[in-house]
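See structure below.
The values are calculated or read from the model by the stated rules, or taken from the named source; none is laboratory data. These numbers were taken from a predicted model, which means no experiment stands behind them. Virtual Cβ from ideal backbone geometry, glycine too; neighbours counted across all protein chains shown.
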Amino acid sequence: MKVSKDQHFLVDAEAVALIASAIPVSNRKVLEIGPGKGALTDALLRNGAIVRAIELDRTLLLNLERRFSDHIASGQLEIIHGDASKVLLPEFELVVANLPYSISSKITFRLLETCFESAVLMYQFEFGKRMIAPPGNGEYGRLSVMTQTYADVEMVLELPPEAFFPPPEVRSIVVKITPRGPPVLIQNRSVHDTLVRKLFSHRRKTIKNGLRSMQNIYGESVMTNLVEDLPAKILEIRPEMLSVPDFIDLANRLSTLIS
């Protein structure tokens, strides 16, 4: 079978077992994205999970249907053909998946907009490190802020290229994501998202200059009033120094001015 550049199948049996048992899955509806050849699918089924898997590759899907025909017949497994970043998601409570690296960001943000209890997800190492990076860290950015605003994120394990076939050119990381409410009430989530995205698109600028670059969105007078209302210690630092609550406070101040 021809393997695309984005297909790296997890073949380390110990890693598969660790991922499948990182959260209790027995009798729970588990979403698996990109099951591939079914190594993780098999482990989840053995652990008693009710698996809802989304697979884009039709050849892989047909192989999965043959391999797990009994589980499909019993209702323990459903395989959906489609792109997980676009297809209608089935009902699920948990997510356990080796995500396709090329759409990791899209899928992660999509999942955070849904309602689930916990997720164990594999990412490219650098992507995963950005998710858990704290303020002041060079990896801290929009992904860090948006993920940590709506969830607790912790590392489960790292994996070398040799854990996959064919081996990718990068290391991988598995993280556990547990959704929760924001640490501070967000008045307007759209404003908050725009603010975080825009400030990190100018991450080398100070907060003051980054806010001024948003005049075309919210108007010169609004942004001028916001800048004048902020303490100098906030205005003169760069976005990577702001904590998650700091970003929420800044967004709430902006929301008040435009309401």
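Evaluate segment 59-67: report whether one residue or more is in contact (Cβ under 8 Å) with a residue 12 or more places away in the chain, in the same structural domain as V153 (by TED's automatic domain parsing) and part of a loop (DSSP other than H, G, I, E, B).
no
Within segment 69-100, take every residue that is touching a Phe, Trp or Tyr at 6+ places or on another chain (Cβ under 7 Å) and outside any loop (DSSP other than H, G, I, E, B) and give me the one that is surrounded by the most Cβ atoms within 10 Å (Cβ to Cβ).
Among those residues, the one meeting the criterion is L77.
Please go through (1) under 26 Å from the mean Cα position of the chain (by Cα); (2) without any contact (Cβ under 8 Å) to a residue 40 or more places away in the chain for S213 and return the number of the only condition it doesn't satisfy.
(1)
For segment 105-114, give me each residue that is over 21 Å from A43 (Cβ atoms), in a helix (DSSP H, G or I) and not basic (K, R).
Result: S105, T108, F109, L112.
Please indicate, with yes or no, whether at least one residue in segment 230-238 is in the same structural domain as P100 (by TED's automatic domain parsing), at pLDDT 95 or above, not aliphatic (A, V, I, L, M) and not in a helix (DSSP H, G or I).
No, that holds for no residue.
Kindly indicate the residue of segment 186-200 that is in contact (Cβ under 8 Å) with a residue 12 or more places away in the chain and either of a type in the set (D, E, K, R) or surrounded by fewer than 19 Cβ atoms within 10 Å (Cβ to Cβ) (or both) and also farthest from F127 (Cα to Cα) among those meeting that condition.
Per the criteria, the residue is Q187.
Matching residues to (1) at pLDDT below 95; (2) not in a loop (DSSP other than H, G, I, E, B):
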| site | (1), (2) |
| --- | --- |
| M122 | no, yes |
| T178 | no, yes |
| Q187 | no, no |
| L199 | no, yes |
| R203 | yes, no |
